[in-house]
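Please read the structure below before turning to the comments.
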Amino acid sequence: MKKSLLIAEDDENILELLLSVFSRPDLDVHPARSGSEAMDLIDRHDIDVVLTDLVMPGGDGLEVLVHARKTLVNCEVILMTGYGTVENAVQAMQLGAFHYITKPFKVVEVVHLVGRALEMTGVKKENIHLKRHAIDHYRFENIIGVSEPVRQMLSLVSKVAGSNATALILGESGTGKELVARAIHYNSNRADRIFAPVNCSAIPAELLESELFGHVRGAFTGAHTARAGRFEAANRGTIFLDEIAEMSPPLQAKILRVLQEQSFTPVGGTKVVDVDVRVVAATNKDLEREIAADRFRQDLYFRLNVIPIHIPPLRERVEDIPVLVDHFIGKYARESGRRVRGFRPEAMESLKRYSWPGNVRELENLVERLVILSRDGWFEKKDLPQAMLPQEDKARGKAAEKLQNGGLDFRKAREDFENSLILEALSLCGGNRNRAAGLLGLKRTTLLEMLKRKGLHGP
Ligand SMILES: Nc1ncnc2c1ncn2[C@@H]1O[C@H](COP(=O)(O)OP(=O)(O)OP(=O)(O)O)[C@@H](O)[C@H]1O
Ligand SMILES: [Mg+2]
């Protein structure tokens with residue numbers, strides 16, 4: 001893509017020289033002969049780099065610099081100072097200039113500086129593009145849910161995002177903990193800094209400390225060079241400590257110290273490093289139980305638990321299932337370019353009755369699979385995995401299979417079914433006949449009779 005360069009210079013000879021130097025096919029060059037003309041061009045064009053003289057009529061180079069920084073987020077400014085005073089140069093840098101050059105200059109120097117500034121705007125544009133994508137993607141509107149618990153959770157999340165507080169996200173696997181952690185970051189004033197996710201259970205315990213805090217050279221065998229950790233890299237950003245319950249107690253102590261003092265010492269080091277990092281942690285474990293079992297430090301728990309965010313499991317917010325389904329159908333239909341109509345009502349009913357141990361992730365995976373496999377765009381009950389069907393459907397599925405494979409002996413099948421129910425009830429009650437009869441809705445004497453007749457013993 002063509003880039004654009006604005007050259008502001010009131011000395012006609014120098015302007016001519018620069019215009020001829022930068023007359024290149026990859027550049028749109030805009031000449032200006034005064035400060036006001038330059039500012040006017042900045043208002044009207046998407047300028048990448050400004051090369052401006054310091055002293056000009058109609059507004060000096062510093063004014064042009066300030067105007068460019070204010071108007072164009074992604075523009076670099078280089079000042080040319082004829083009166084090489086140090087103060088002007090320092091001031092220019094403080095105001096955000098990319099560089100300054102003193103007159104008389106060598107043409108190669110200017111070409112080099114402008115080239116670097118152009119490169120810089122390329123990198124910045126790429127970053128801005130990536131960040132915009134992330135910010136769009138993690139807007140609260142993208143956390144789908146209409147149920148009361150999710151609404152409440154989202155209103156809490158938006159309050160947390162606006163603060164600098166530590167947050168602890170609690171929820172079963174697949175409920176959206178990481179999604180919420182990212183939403184907190186990308187809706188906070190740290191959004192243009194790094195979001196560093198660290199999965200504490202995926203990194204071996206002996207490496208986790210150095211991953212988080214870095215190490216000095218020679219800290220351990222194989223540490224040939226010093227290395228910065230994730231806390232340092234995420235300075236002024238957010239670190240997401242996922243599955244924090246898996247962290248060893250000594251490391252938990254070190255995390256506590258970062259939270260309290262905003263500083264740490266790298267592995268093997270003595271020098272304290274200061275950081276400004278927001279910590280968001282998540283777990284699917286019951287931390288109070290982990291504390292009782294001496295696996296989690298209570299002081300760290302108190303420190304993390306300032307603002308707990310509970311994400312309810314999907315089975316407790318069945319109203320969210322249809323909207324989540326729509327959302328995922330939209331996503332996967334778009335990705336695959338297939339036309340999808342949706343779930344038939346009985347299939348949707350089954351989804352609502354299912355227990356969803358894998359929560360939203362399980363639902364998302366199901367939709368993705370069905371979109372790929374579907375023929376006419378409708379998802380039927382028979383397309384659902386066995387485990388998602390209600391009991392009676394499972395029994396029907398099995399019956400159909402047997403009948404299609406040559407039929408069965410009805411009496412024996414009934415007998416087998418009765419026997420399995422009785423044995424299951426007995427085993428659940430540890431052999432207690434009285435309670436097993438209760439579970440089966442039978443009188444104790446009836447159960448005893450049946451056991452005798454069938455020759456069953458149970459536990
Ligand atoms: N409310 C929601 N709206 C839209 N997508 C969601 C929602 N909740 C979860 N998801 C999606 O479900 C998937 C799982 O979410 P995520 O990875 O955040 O869960 P998790 O709680 O971190 O799971 P785990 O404990 O297994 O790590 C992701 O693809 C996420 O985008
Ligand atoms: Mg996760």
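The values are calculated or read from the model by the stated rules, or taken from the named source; none is laboratory data. The model shown is predicted, which means the values in this text are computed figures rather than measured ones. Every residue, glycine among them, receives a Cβ derived from its backbone with ideal geometry; neighbour counts consider all protein chains shown.
The residue that is nearest to the chain's Cα centre (by Cα), among those in the range 305-347 that are under 29 Å from Leu241 (Cα atoms) and of a type in the set (Asp, Glu), is Asp320. Being surrounded by fewer than 18 Cβ atoms within 10 Å (Cβ to Cβ) and modelled with pLDDT of 85 or more is the filter here, so list the residues in the range 67-84 that pass it. Passing the criteria: Arg69, Lys70, Thr71.
Closer than 22 Å to Ile194 by Cα and in contact (Cβ under 8 Å) with a residue 40 or more places away in the chain: which single residue out of Gly269, Gly214, Gly229, Gly218 fits that description? Step by step, each of Gly269, Gly214, Gly229, Gly218 is checked, and only Gly214 is closer than 22 Å to Ile194 by Cα and in contact (Cβ under 8 Å) with a residue 40 or more places away in the chain. Can you pull out every residue in the range 395-410 that is within 20 Å of Pro385 (Cβ to Cβ) and small (Gly, Ala, Ser)? Those that are within 20 Å of Pro385 (Cβ to Cβ) and small (Gly, Ala, Ser): Ala395, Gly397, Ala399, Ala400.
Residues in the range 326-344 that are among the aromatic types (Phe, Trp, Tyr) and assigned to a helix (DSSP H, G or I): how many? Residues in the range 326-344 being among the aromatic types (Phe, Trp, Tyr) and assigned to a helix (DSSP H, G or I): 2 in total. Of the strands (runs of 3 or more DSSP E) contained entirely in the range 142-242, those carrying at least 2 residues that are under 14 Å from Pro312 (Cα atoms) fall at 167-170.
The residues of the range 364-379 that are within 11 Å of ligand 1 (Cβ to nearest atom) and surrounded by fewer than 21 Cβ atoms within 10 Å (Cβ to Cβ), listed by number, are Glu364, Asn365, Glu368.
Looking at Gly406, is it over 30 Å from Thr446 (Cβ atoms) and either charged (D, E, K, R) or in contact (Cβ under 8 Å) with a residue 12 or more places away in the chain (or both)? Considered against the rule, which asks whether it is over 30 Å from Thr446 (Cβ atoms) and either charged (D, E, K, R) or in contact (Cβ under 8 Å) with a residue 12 or more places away in the chain (or both), Gly406 comes out as no. Scanning the range 240-266 for residues that are touching a strand residue (DSSP E or B) at 6+ places or on another chain (Cβ under 7 Å) and either within 16 Å of ligand 1 (Cβ to nearest atom) or free of Cβ contacts under 8 Å to residues at least 12 places away in the same chain (or both) yields Phe240, Leu241, Asp242, Glu243, Ile244, Ala245, Arg257. Asp10 falls short on exactly one of the conditions (1) in contact (Cβ under 8 Å) with a residue 40 or more places away in the chain; (2) surrounded by 15 or more Cβ atoms within 10 Å (Cβ to Cβ); (3) in contact with a helix residue (DSSP H, G or I) (Cβ under 7 Å, 6 or more places away or on another chain), and that condition is (3). Residues in the range 175-216 that are among the aromatic types (Phe, Trp, Tyr) and either closer than 26 Å to Thr270 by Cα or away from ligand 2 (no atom under 16 Å from the Cβ) (or both): Tyr186, Phe213.
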